[in-house]
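Report on one structure; see the data block that follows.
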Amino acid sequence: MLTGKRVTLGITGSIAAYKMANVASMLVKQNCSVHVVMTKNAAEFISPVTFETLTKNPCLVECFERLTPVDIHHLTLGQKSDLILIAPATADILGKMAYGIADDLLTSVVVAAVCPVLIAPAMNVHMYRNPLVQDNIKRLKRFGYEFIEPEEGRLACAAVGTGKLAKESALMDAIVSRLSEKPDALRGRDLAGVRILVTAGPTRESLDPVRYITNHSTGKMGYAIASRAKKRGADVTLVTGPVSLSVPDGVSAVSVTTAQEMYEAVMERREDQDIIIKAAAVADYRPKQVNPEKTKKKDGAMTLELERTKDILEELGKTKRKDQCICGFSMETEHVLENSKAKLEKKNVDLIAANSIREAGAGFGGETNHLLLLTREGGEDTGMATKEACADILLDRLHEIRKQKQKEQGMIP
């Protein structure tokens with residue numbers, strides 16, 4: 001699968017470094033050319049000889065080691081590789097990368113790299129939560145670095161929380177997905193002139209002036225779709241619930257709070273759209289009565305009566321034009337395929353993007369997702385991939401569906 005691809009693994013000083021031997025082996029079995037760069041601290045946890053044995057390439061630690069008399073490897077590794085994976089990535093390497101510090105071989109390779117760089121953090125939960133570390137992560141993301149989120153569990157230090165290096169299979173999936181993406185040069189501006197509306201984020205349904213009902217959606221998937229659609233030339237409208245993300249450049253944003261507001265914003269604009277992608281996590285229920293004053297605590301239990309909100313996706317399915325494409329999302333905790341197929345039929349939409357919140361790396365808030373794209377003709381599995389990569393695959397399918405509809409309507413030859 002990775003024949004002809006060259007991957008550089010950057011390994012830093014974490015107990016999780018031992019897991020990278022398996023990743024290197026998995027890559028080699030896919031016919032990938034693997035090169036390993038380790039920090040001096042990483043070499044305290046696992047021997048460079050391990051990686052040389054697995055990859056049949058020198059494992060580099062020192063800045064002034066030479067592969068050949070003329071090879072300047074802190075430049076060539078980042079410029080000849082198809083991808084660099086930094087895993088495990090410690091707080092130290094994140095800080096150095098965030099500010100362009102190049103004081104050893106690995107940081108020099110990263111600063112000189114012209115290929116995609118994936119980062120998989122691993123550290124103590126309190127280190128990971130430190131605002132300084134989180135700020136460095138946000139800074140790196142702004143500069144285009146892609147993250148494979150750490151997992152939650154018992155850490156080597158006996159603490160429990162987020163900070164475990166992602167599973168080897170998740171690291172491998174991210175590498176394969178990133179290297180399997182269709183280059184932007186091939187897609188070009190293939191969506192130029194296409195009008196796309198995307199919904200993203202959660203909705204909030206007030207109980208009183210202080211409290212509201214909501215969900216864990218961060219809007220990252222919807223924003224990734226909007227961003228990729230715009231970069232591919234589409235005229236994009238983003239109807240967004242309350243999130244902490246920046247609107248992608250060139251995208252027209254409509255901010256809403258409640259399910260009713262999102263319903264009205266979408267319905268008002270639906271006729272002008274060629275493709276509508278409902279990625280938002282809209283509340284299915286809202287309080288029947290909203291207390292105008294703060295609800296005071298009393299003895300005993302409190303019963304909260306809820307009522308249904310309007311079903312935006314179902315309404316879109318009822319009123320869509322014959323040449324219009326409607327896509328819904330289906331996040332499930334069980335029976336993903338069965339529930340999503342039923343939703344596809346019931347809502348009368350063209351495509352359902354389904355995923356499971358129980359799968360590590362595919363839930364709310366992360367940088368990756370794993371979608372099953374369902375149509376009446378069948379399904380397509382994106383595999384675990386960055387949300388941007390999933391967005392591109394989703395847009396590819398919807399573009400194909402739209403063109404087929406246009407042919408059927410005699411709009412294009």
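Place the peptides 149-162, 374-387, 295-308 in order of packing, highest mean first, counting for every residue the other Cβ atoms within 10 Å and averaging per peptide. Walk me through the numbers on the way to the answer.
Working: 149-162: 14.3, 374-387: 16.9, 295-308: 8.0.
Packing order, densest peptide first, comes out as 374-387, 149-162, 295-308.
Were the residues from E314 through K56 laid out at 0.36 nm apart, the gain over their Cα-Cα distance would be 87.3 nm. Extension gain, D299 to V111, is 61.6 nm, computed as 0.36 nm per intervening residue step minus the present C-alpha separation. For an R0 of 45 angstrom, estimate the FRET efficiency from the Cβ-Cβ distance between K80 and D272 and round to the nearest 0.05. For K80 and D272, the calculated efficiency is 0.45.
Spacing of the modelled spin labels on E152 and N31, each 7 Å from Cα toward Cβ, amounts to 4.1 nm.
What does the extension gain come out to for I357 and E264, with contour length at 0.36 nm per residue minus their alpha carbon separation?
Working: separation 93, 0.36 × 93 = 33.48 nm, distance 2.81 nm.
Extra length from I357 to E264 when fully extended: 30.7 nm.
Model label sites at A342 and L132, defined 7 Å from Cα along the beta-carbon direction, differ in position by 5.2 nm. Computed from the C-beta positions of L306 and S244 and an R0 of 41 Å, the FRET efficiency is 0.95 to the nearest 0.05.
Reducing the range 112-156 and the range 330-380 to their Cα centroids gives an inter-centroid distance of 27 Å. For the chain, the solvent-accessible area with a 1.4 angstrom probe is 48 square angstrom per residue.
For the chain, with all protein chains in place and a probe radius of 1.4 Å, 50% of the accessible heavy-atom surface sits on carbon or sulfur. Computed over the range 89-132, relative contact order equals 46 percent, with contacts defined as Cα pairs under 8 Å that lie 6+ residues apart.
Quick one: of the DSSP bridges fully inside the chain, what percent are antiparallel, nearest 5? Provide the component values of the computation, followed by the final result.
Details: 19 of 62 bridges.
DSSP beta bridges in the chain are roughly 30 percent antiparallel.
Provide H335, H370 ordered by accessible surface of protein heavy atoms (probe 1.4 Å), highest first. The partial results should precede the final answer.
Details: H335 110, H370 45 Å².
Solvent-accessible surface, decreasing: H335, H370.
Principal axis analysis of the Cα atoms in the chain yields extents of 71, 70, 37 Å, listed in decreasing size.
Working from label points 7 Å from Cα in the Cα-to-Cβ sense, the S169 to N291 distance is 4.7 nm.
The values are calculated or read from the model by the stated rules, or taken from the named source; none is laboratory data. Just so you know, these numbers come straight off a predicted model, no measurement behind them. Neighbour counts are summed over all protein chains in view; Cβ atoms, including those assigned to glycine, are modelled from backbone coordinates with ideal geometry. Just so you know, the surface numbers come from the protein's heavy atoms only, side chains and all, with ligands and any DNA or RNA stripped out. Shrake-Rupley method; radii C 1.70, N 1.55, O 1.52, S 1.80 Å.
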